[in-house]
1. For N213 and R502, what is the calculated FRET efficiency with R₀ set at 60 Å and r taken between the beta-carbons, to the nearest 0.05?
2. Of S113, G17, C241, which is farthest along the charge dipole of the chain in the positive direction, counting Lys and Arg as +1 and Asp and Glu as -1 at C-beta?
3. Contact order normalised by length for segment 310-364, with contacts defined as Cα pairs under 8 Å and 6 or more residues apart; what percent is it?
4. Which residue, Y483, V455, L494, has the largest displacement toward the positive end of the dipole of segment 438-502 when charges sit on each Cβ (Lys, Arg +1; Asp, Glu -1)?
5. For segment 83-94, what does the Karplus curve 6.51 cos²θ - 1.76 cosθ + 1.60, with θ = phi - 60°, yield as ³J(HN,Hα) per residue in whole Hz, taken in order and with x for Gly and Pro?
6. Under a point spin-label approximation (7 Å from Cα along Cα-to-Cβ), what is the L340-E525 distance to one decimal in nm?
7. Return a whole-number percent for the relative contact order of the chain, with Cα pairs under 8 Å and 6 or more residues apart as the contact set.
8. Amide H to amide H under 5 Å from V217: which residues, 5+ apart in sequence or cross-chain, H placed 1.01 Å off N in plane?
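The values are calculated or read from the model by the stated rules, or taken from the named source; none is laboratory data. Given the structure is predicted, the values throughout are model-derived calculations rather than measurements. Backbone-built Cβ (ideal geometry, glycine too); neighbour counts: all protein chains shown. Calculation scope for accessible area: heavy atoms of the full protein, side chains included, ligands and nucleic acids excluded. Shrake-Rupley method; radii C 1.70, N 1.55, O 1.52, S 1.80 Å.
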Amino acid sequence: MNDDVKRLLQEKYINEGYWKQETFSDMLRSCAEKYGDKTAICDSGSSVTYSELDRSADRYAAFFLSEGIRSGDRVIIQLPNSVEFGVILFSLFRLGAVPVLALHTHRKKEIASFIEAASPAAYITVRSHLGFEYEEIVNECVKGTGCRHFYADEIFKVKADTAFDSSENDRIFTDIAVLQVSGGTTDVPKLIPRTNADYIYDARTFAEVCGMNEDTVFLAAIPASHNFCFANPGIIGTMICGGKIVMAKNGSPDEILELIGRERVNITAMVPSLLSICSEMAEWEECDLSSLETVLVGGSLLTYPVLLKAEENLGCKVRQVYGTAEGLNTITDADMCAELTAGCQGKKISSGDEMMIETADGDFAPCGEEGELLLRGPYTIRNYYNNPAADADSFRDDGFYRTGDRAFIDTEGNLHITGRVKEQINRAGEKIMPSELERILDDNEEIERSAVVGVPDELMGNKICAVVVTDNASVDLAYIRGYLESRGVAAYKLPDIVMKTRQIPLTAVGKPDKKKIADMIENEEMERI
Ligand code: AMP
């Protein structure tokens, strides 16, 4: 996209009042002034008020500065949902550093790619979480790269009592505030530059649409770093309104149900598979869900039976949300019937949002016609971070972002997602690109050729199925998962199913014929191993 278009859009969002002259550091300061002694964040072991969070942000900003981290430096944070996540995040904002929001499920491959793309000054993680030792990533990806490394518990052992000199932070509202990570339409996630002004506007607007206020108690049930939980309206939206954030550390259904009762949670955000498991569990588990008013559900396709069961068993309203870390959000109306809520993704949240459907010829399609969903608006990005090849693929000259989603918009302005234009597997909201796994599988001497496809699954939306051609009888599901894991592939990308075949069907140009492969799996023409 040309720089004039970017400049004109930026001027429009400033002049029309979408963007405020505020950074995330300013936002916390004004929350502390307004909501002082109210609890901002709690987890199973501790809590902080808005004032305490503001003071901690100052002290740890001074600590990071004393460790050589400067305003504008990128810092990867890979932390579980916790009070510490909030303190470290806002200390970096206070300093003017730019957090790279890695998910706890990211492994060597993803972290190495973030280090390469963002040249971060530091990587901050815990020692272990949910059975994974992060030392492996530290030793194999971080050491020797010039990127510093901190374990969170070491940071909190430091007696951080030096005042922070705010003149060290030279960031302004239009600067990049965080680097989000994409759902992974290429081999590894792309970095998404979200500015202070656009991301705060997104969270504030979304919080208004959801009716958040000082009585809001938001449960961070999915990873806090993920765009949906972070700012759609998530933890940032809750803070802007002076509500309380409850961090679910493990994200297991029993923890979620227990926290809803204990902390009187009234709103949370989930992917459909988690919603389904929680509502199943609520059916037979003794739990108090009387405070719960709304569950926002997004990230992958929601079905009507899952929605109905959730509303019945959790006793709350389910609203469907469409979101991408790249920007634009939609949400179903609060008073929409259950059938339509499950059947569409709702309306855009801002009058500045532009949703268009592009036909195969590159024209804009009329209402009701299907095509690729294009997005532009005050909080939709206009480029990726340091990635001109992805920019050329994903952005039109007029600034529209190509989502890769197939969709249509109805006469009421509701978005309907109907599938993907680009090849991608959506497994319980996690996005997996088959080519990433295929390349690694094809490297294995025991495997002659491979193809990876999604197979429909009621709970997850899709399961990951690897189809392999091999003579070795010991190649099976456990072998393939172990091999991919040893090559640094994240756990959420590991195949659920492995099929063996004598030959991968190919298209005319010699690529695996994914449609035919899916048909062969469905017709049980392959051997499951
Ligand atoms: P991410 O960047 O990981 O949040 O993934 C964004 C992608 O998730 C979108 O481009 C869609 O493909 C998918 N997605 C998000 N919300 C929904 C939804 N409500 N229904 C279907 N797919 C969705």
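1. Working: r = 62 Å, r/R0 = 1.04.
Using R0 = 60 Å, I get an efficiency of 0.45.
2. Going by the charge dipole, the pick is S113.
3. Numbers: 57 pairs, mean separation 14.6, N = 55.
Once normalised by length, the contact order is 26 percent.
4. With unit charges placed on the Cβ atoms, the residue in question is V455.
5. Taking θ as phi minus 60°, the curve returns 4, 4, 4, x, 5, 5, 4, 6, 5, 5, 4, 4 Hz for segment 83-94.
6. In this crude spin-label approximation the distance works out to 4.3 nm.
7. Numbers: 1127 pairs, mean separation 61.7, N = 529.
Taking the mean separation of contacting Cα pairs over the length of the chain, I get 12 percent.
8. Excluding prolines and chain starts, which carry no amide H, the hits are K244, N266, I267.
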